[in-house]
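Visitor: The structure's right below; bear with me while I get my questions together.
The values are calculated or read from the model by the stated rules, or taken from the named source; none is laboratory data. Nothing here was measured: the structure is a model prediction, and the numbers come from that model. Positions of Cβ are generated from backbone atoms using ideal geometry, with glycine treated the same way; all protein chains shown enter the neighbour counts. These area figures cover heavy atoms from the full protein model, side chains too; ligands, DNA and RNA do not enter into them. Shrake-Rupley method; radii C 1.70, N 1.55, O 1.52, S 1.80 Å.
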Amino acid sequence: MKALGIDIGGSGIKGALVDTTRGKMITDRYRIPTPRPATPKAVIATIKKIIRHFDYQGPLGVGFPGIVVDGQILSAVNIHKDWENFAGQKAIASATSSKVIVRNDADVAGFAEMRYGAGRHIKGETMIFTLGTGIGSTMFVKGQCVPNLELGHLYLPRQKVDVERYASDHTRKELGLSWKEWGQRHSEYFNHIEFLFSPQRIIIGGGVSKKHDKFLKYIKVRAEVIPAELLNEAGIIGAAAAASTGGDCTL
């Protein structure tokens, strides 16, 4: 089945057509910078541009950087506050005349990684983290997604700050951290994650995962830590896959 997946990020909105049977993009990714301000009206206009670019009609999957429950946007920390308590799925469907599924961006990226990527042969509790402007997170237990974890906003008592301010890729660039320093920050973070959730393995995704050889070696935890295979394509692929299944992200 073919579907259009769209990944809304803090710096860019990306889309591509996806073969959801194989979990492969069948077009090049098309990226438009996230509008400023990133209001619902501006972002939906950008989504419409992506649809026109692909001359597409059919199911549309959207990964959104915030808590999404039944298509309702409940939080939008790294995007405009007007998204909060906004009926995003309904609004996008109305504006595009498409059948639309909107889910948390880390949830769809994790779904793609578990179905088609690094997690496809893995059993047991697995957590996926997407590292970028923010930190997305999701967990799969016996093939079931635990949605909207938002563990990038977990508070680190020792550092007296939430994790995104301490260990996001944005923070790495802003503070000029070395890869070793950044990896050690994630080691501290994931040790805290292990204390709370005891995952058997952790998959590191997001755009920075293509540079995993620079920082993964500094993450010292009990769980197996592995890089994502789909890298920054996971959000697009997972959004399209969610659209093809009607929003069901069960493996």
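Visitor: Of the residues 219, 204, 226, which single one is in contact with a His (Cβ under 7 Å, 6 or more places away or on another chain) and more than 25 Å from residue 28 (Cα to Cα)?
Guide: Within the list 219, 204, 226, the selection yields 219.
Visitor: Quick one: in the range 122-138, which of the residues that are in contact (Cβ under 8 Å) with a residue 12 or more places away in the chain and over 12 Å from the mean Cα position of the chain (by Cα) is surrounded by the most Cβ atoms within 10 Å (Cβ to Cβ)?
Guide: 127
Visitor: Further question: Which members of the range 166-182 meet the condition of being buried (at least 16 other Cβ atoms within 10 Å of the Cβ) and out of contact with any Phe, Trp or Tyr (no Cβ under 6 Å at 6 or more places or on another chain)?
Guide: 166, 168, 169, 170, 171, 177
Visitor: Mind checking whether some residue in the range 60-68 is over 25 Å from residue 203 (Cα atoms), surrounded by fewer than 17 Cβ atoms within 10 Å (Cβ to Cβ) and at pLDDT 95 or above?
Guide: no
Visitor: Condition first: open to solvent by less than 20 Å² (accessible area, probe 1.4 Å), farther than 26 Å from residue 100 by Cα and not in a loop (DSSP other than H, G, I, E, B). Can you find one or more residues in the range 228-242 that meet it?
Guide: no
Visitor: Yes or no: the range 215-223 includes at least one residue that is of a type in the set (Ser, Thr, Tyr) and open to solvent by less than 40 Å² (accessible area, probe 1.4 Å).
Guide: No, every residue in the range 215-223 fails to be of a type in the set (Ser, Thr, Tyr) and open to solvent by less than 40 Å² (accessible area, probe 1.4 Å).
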